[in-house]
Structure formats: C-alpha cells, structure tokens
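Chemist: Take a look at this one; I'll ask things after.
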Amino acid sequence: MTSYDDVPASAARGADEATAYPVGLRLSGRRVVVLGAGQVAQRRLPGLVAAGADVLLIAPAATPSVEAMAAAGEVRWQRRTYREGDLDGAWYALISTDDPEANAAASAEAESRRVWCVRSDDAEAATAWTPATGRSEGVTVAVLTGRDPRRSAAVRDAIVDGLRDGTLAAPRHRARAAGVALVGGGPGDPDLITVRGRRLLAEADVVIADRLGPRDLLDELPPHVEVIDAAKIPYGRFMAQEAINNALIEHAKAGKAVVRLKGGDPFVFGRGMEEAEALAGAGIPCTVVPGISSSISVPAAAGIPVTHRGVAHEFTVVSGHVAPGDPRSLVDWEALARLQGTLVLLMAVDKIGPISEALVAHGRSPDTPVAVVQEGTTAGQRRVDATLATVARRAADEGVRPPAVIVIGDVVGVGPDRG
C-alpha cells in the first residue's frame, strides 16, 4: 500500500490544481502544425514565424492576413480539413478550428504522439497554454495566470510598458557599449515620442536636448543623468553646430550613453545627418531613432489632413527660415506656386509675408486658405486661419510666435465642422 507521502505532490493536489510549468520553446527549423486559419491562427502565426518554426497550416479557408502569409511563403498551407496523421513529426501543435470533433481527434493524436498541444476551444483539454507575450529590446515577457487570460494580458502590458518607457527598473548587468542615439522627440507632446526613444532616454547617462524637444520628459530622468541644454553649450570660437558635435563626441568617448534629443524627426530640418557624420568621423557608434515630424502631426492635431481625397494628392514640406529672393535660398518658389497640393512651412513665422507674396506673384490664388498652428500638440496649441493675402497681417495681429507650422491649401477647409 502506498502512503500519502509517496504520492507526488502534483497528484496529491490534483491535476486541475497543478500550475503550468513555464518554458521557452526553441522552434527554429522544427515542424509546427496549425489547424485552422481564422482569427486565432492570425494572432499566433507571426510569433511562430518569428521563432523560425517550419509551420504547416491545415485549413480549407483562411483570413486574408493568413492567406497573405502563405502567399509570401512564410507558412506552408494545405487547403483541407484535419486528417489522422497530420501531427506526425510535429514538435508543437495549435488547434484552432471551428469543428469540435476535429479538435478532439487532433488533440487525442497529439496526446498519443507526445506533441505539446494548444487548443483554442478547450484549454482544459490542452497539454500546453499560450501565455500573454510581449517583447522589449531583447526581453521576452510571458505571463500565465491560469484561467484568467485578461489578467495575463494586463500584467504583460504593465511589465512591457514599464520596460519600454523606463519606469520599470531593469538594469543591464553586461557591459553596455557607449555611443550616441539621435532621438526624434516628436512635435512636443511627451506622449508622442516613440517607444524606443523613450527607452533610450531612460537608459541615458547624458542628454543633450534642443528647446523644441519634449521638455516634460526631462523631469522624469533619474538624478544622475546629466541634462545639457544645447542652446547653452559655450560656443566660443566654434559654430553652434560644431560645438554640439564636439560635446556629443566628448561625452561618448568618456564611456557615456548619450542621447541627442531633438524636436520632430532628426532628419527633417534637424541637422541630424551633420551630427551623424561627425560621430562617424570620430569612430563613435550612432543610432538614429526617427521621430514624428511636426510637418504632419501638428496639422493633424489641429484637424487638418495634409492630403485628402479629391482635394490634395500631394504635400510639400518647406523650410521657411530663408526668404524668397535671398541668395541662400534653395527653394524654387515659382514651382511651388504652380502646385495644386498642400504646402507645409516650418520655421516660417517671421518670413510668412515675403513667402505669401512670392506665391501669389507666381500664380497661387490670394484666396488660398492658410492655417497657422502655434505650439501644436501641446497645452498651448492654437490655430489662426487666414488666406495667402491676409496671413502676414493676421499672424502679426494675433501675436503668433515660433514654434508654429503653417499649412497652405484647400485642406485647411476640410473637416466635419468646416463643411
């Protein structure tokens, strides 16, 4: 007779009370069979493909997204229903058909062949459960909470979000290479920086910031992070940009992780390439993190689409820091005046008078709608509407000041409250 002490703990508790044993499956090059090609398969297939699995999909029909994966050769698709023997040679199976009998038969075959099997219709009959999974910079988070998948997803999201934005401390224990990240901070609202940009900020030792970057994020940095206002770097005999380049190189060579935080996107009138070239010349590793450009996001925040069906099929972004007629100007204002689409002007508040005059002189109608959006996406956002003929006077009367984005074209009149 076996005593209670001889019974395994899991058996003593009962199979229904046993916790799942977490493990990471290395499926690269190994056969995985997926039965069914509906919404469940559509969600799971990308992860299996990313893991390098040799996926055999068996289903008579598929969603458009799954069908596109098959057409691209990411999975092998046999257009039929399940048959006994389909799991031969499989390492892992996902059963997600809408046929209960087929699901039960496939599950029984998986059990007999000792193939770990997930069932979307009956988790209790499965031999494996799919955790709520998320990834952030090489870290995979997988959460299981038994029979509460919504809680699993909520816990997963909280952990991944914390890792991504740096609010969840997870220090690296391996050496981290020093270097510089050129980060586009977006149009001003701190929530509009990219996930990667926010994470790099959280990991930085030094941040060299422009005044148009999302300043609110700087308050969230740990006390040890050195924050340098690019506008206050002592320039001495150097040009401003040269001094900034030297500061980036100096801190990176000191072994620091440096973030150059810019407004908008680093390569849209942000002089990011000049900094990247200087870093390359000094042998400093450089990462470019694109940002949301104010040329698109600020008009959108003010309710203006830069393109709209039947109104504008193109938009052109122009720097207005140099007036028409200035020998330094690289802009063909005559050509721009002939375009029928949208013109978006950046850095043009103090030159909008000469610019509007040049556009009208070259044929653009003086009645063309214009909107000036100041401090877009921030709490101080405001919009001033005018026409090419009146915009200079309106901007002066309203006291418009930089930063502001100027939108010229019929899209200014588009919107549910402007019909």
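Chemist: Out of segment 381-419, which residues are touching a His at 6+ places or on another chain (Cβ under 7 Å) and part of a loop (DSSP other than H, G, I, E, B)?
Modeler: Within segment 381-419, just Val414 meets the criteria.
Chemist: Any idea how many residues of segment 242-266 are among the basic types (Lys, Arg) and in contact with a Phe, Trp or Tyr (Cβ under 9 Å, 6 or more places away or on another chain)? Can you show your working first?
Modeler: The first filter runs over segment 242-266 and keeps only residues among the basic types (Lys, Arg), leaving 253, 256, 260, 262.
After this cut, where a residue has to be in contact with a Phe, Trp or Tyr (Cβ under 9 Å, 6 or more places away or on another chain) as well, the list is none.
Total satisfying the criteria: 0.
Chemist: Next question. Evaluate segment 261-268: report whether one residue or more is closer than 27 Å to Glu375 by Cβ and open to solvent by 70 Å² or more (accessible area, probe 1.4 Å).
Modeler: yes
Chemist: Need a quick list: helices (runs of 4 or more DSSP H) entirely within segment 278-380 having at least 2 residues that are in contact (Cβ under 8 Å) with a residue 12 or more places away in the chain and crowded, with 21+ Cβ neighbours inside 10 Å.
Modeler: Those helices (runs of 4 or more DSSP H) span 294-301, 352-361.
Chemist: Determine whether Pro416 is open to solvent by 30 Å² or more (accessible area, probe 1.4 Å) and free of Cβ contacts under 8 Å to residues at least 12 places away in the same chain.
Modeler: yes
Chemist: Take the conditions within 29 Å of the chain's Cα centre (by Cα), farther than 20 Å from Pro190 by Cα and at pLDDT below 90 and apply them to His224. Does it pass? Give the derivation first.
Modeler: Numbers: within 29 Å of the chain's Cα centre (by Cα): yes; farther than 20 Å from Pro190 by Cα: yes; at pLDDT below 90: yes.
The answer is yes for His224.
Chemist: Follow-up question, since we're still on this one. Within segment 39-46, does at least one residue satisfy the condition of being open to solvent by less than 60 Å² (accessible area, probe 1.4 Å), touching a strand residue (DSSP E or B) at 6+ places or on another chain (Cβ under 9 Å), in contact (Cβ under 8 Å) with a residue 60 or more places away in the chain and more than 23 Å from Val23 (Cα to Cα)?
Modeler: Within segment 39-46 (the criterion being open to solvent by less than 60 Å² (accessible area, probe 1.4 Å), touching a strand residue (DSSP E or B) at 6+ places or on another chain (Cβ under 9 Å), in contact (Cβ under 8 Å) with a residue 60 or more places away in the chain and more than 23 Å from Val23 (Cα to Cα)), the answer is no, since none of the residues qualifies.
The values are calculated or read from the model by the stated rules, or taken from the named source; none is laboratory data. The model shown is predicted, which means the values in this text are computed figures rather than measured ones. Glycine gets a Cβ as well: all are built from the backbone with ideal geometry, and neighbour counts include every protein chain shown. Heavy atoms of the whole protein, side chains included, go into the accessibility calculation; ligands, DNA and RNA do not. Shrake-Rupley method; radii C 1.70, N 1.55, O 1.52, S 1.80 Å.
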